[in-house]
Amino acid sequence: MKQIIHRIAAITATMCITTFFLSSIAVELFGSYESIALVKSLIVMPGVFILIPAMAITGATGAALSKNRRGPLVANKKKRMPFVAANGILILLPCAIFLDRWAAAGSFDSMFYMVQGLELLAGATNLTLMGLNIRDGLKMTGKLRAKPQANLTRSN
């Protein structure tokens, strides 16, 4: 049951961040200021209130599932998660709140776009790290086969 909850929470969190990322890019490229403000508002509410519990559940179930497991895949996942969490709490959440407020006020100045750039960079970083965790999780469950390692030693 923990595996199912973990999988659903991880997919939900990844889909939230992907949706935030892609909708931000699309609305910046093709939308009006009003549509930018709407997207920024939706990212904060209800988006963040879906994402944060999904991330917390993913972390808690992941920790519970890996308690008795060892190996490089588990170790790599455990190393990545603090970066994902810190990036989310220290960069992505404040950026989302500031961008929402500035967009609602119509403040589309250079500061807005610098923070937007930071948010996109942090979002891409989290998507990459989460994607690597998903890949390693699939390898651990046998749903994705690990690539065979090339034999780098030479025999005579």
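The values are calculated or read from the model by the stated rules, or taken from the named source; none is laboratory data. Just so it is clear, the structure is predicted and the values come from calculations on it, not from any experiment. A quick note on method: Cβ atoms are made from the backbone with ideal geometry, for glycine too, and the neighbour counts reach across all protein chains shown.
Look through Gly71, Gly62, Gly47 and report the one residue that is touching a Lys or Arg at 6+ places or on another chain (Cβ under 9 Å) and either closer than 30 Å to Met1 by Cβ or surrounded by fewer than 20 Cβ atoms within 10 Å (Cβ to Cβ) (or both).
That would be Gly62, the only listed residue that is touching a Lys or Arg at 6+ places or on another chain (Cβ under 9 Å) and either closer than 30 Å to Met1 by Cβ or surrounded by fewer than 20 Cβ atoms within 10 Å (Cβ to Cβ) (or both).
Give the number of residues within region 29-38 that are in contact (Cβ under 8 Å) with a residue 24 or more places away in the chain and either among the small types (Gly, Ala, Ser) or surrounded by 15 or more Cβ atoms within 10 Å (Cβ to Cβ) (or both).
2
Just for region 87-110: of the residues that are loosely packed, with under 12 Cβ neighbours inside 10 Å and among the hydrophobic types (A, V, I, L, M, F, W, C), which one is farthest from the chain's Cα centre (by Cα)?
Ranking the candidates gives Ala105 first.
Every residue, every condition in (1) within 19 Å of the chain's Cα centre (by Cα); (2) aliphatic (A, V, I, L, M); (3) farther than 26 Å from Gly117 by Cβ, yes or no:
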| position | (1), (2), (3) |
| --- | --- |
| Ile25 | yes, yes, no |
| Ser35 | no, no, no |
| Leu38 | no, yes, no |
| Pro46 | yes, no, no |
| Phe49 | yes, no, no |
| Ile52 | yes, yes, no |
| Ala63 | yes, yes, yes |
| Gly71 | no, no, yes |
| Lys78 | yes, no, yes |
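Within region 111-156, restricting attention to residues that are of a type in the set (Val, Ile, Thr) and at pLDDT 95 or above, which residue is surrounded by the fewest Cβ atoms within 10 Å (Cβ to Cβ)?
Thr128
Please give the helices (runs of 4 or more DSSP H) falling wholly within region 32-121 in which 2 or more residues are of a type in the set (Lys, Arg) and over 14 Å from Ile17 (Cβ atoms).
Of the helices (runs of 4 or more DSSP H) lying wholly inside region 32-121, those with at least 2 residues that are of a type in the set (Lys, Arg) and over 14 Å from Ile17 (Cβ atoms) span 72-86.
Under 9 Å between Cβ atoms, which residue pairs at least 6 apart in sequence (or on different chains) link something in region 121-149 that is farther than 21 Å from Asn87 by Cα and of a type in the set (Val, Ile, Thr) with a partner that is surrounded by 13 or more Cβ atoms within 10 Å (Cβ to Cβ) and at pLDDT 95 or above?
none
Quick one: is Lys77 under 17 Å from Thr141 (Cβ atoms), crowded, with 18+ Cβ neighbours inside 10 Å and out of contact with any strand residue (DSSP E or B) (no Cβ under 7 Å at 6 or more places or on another chain)?
yes
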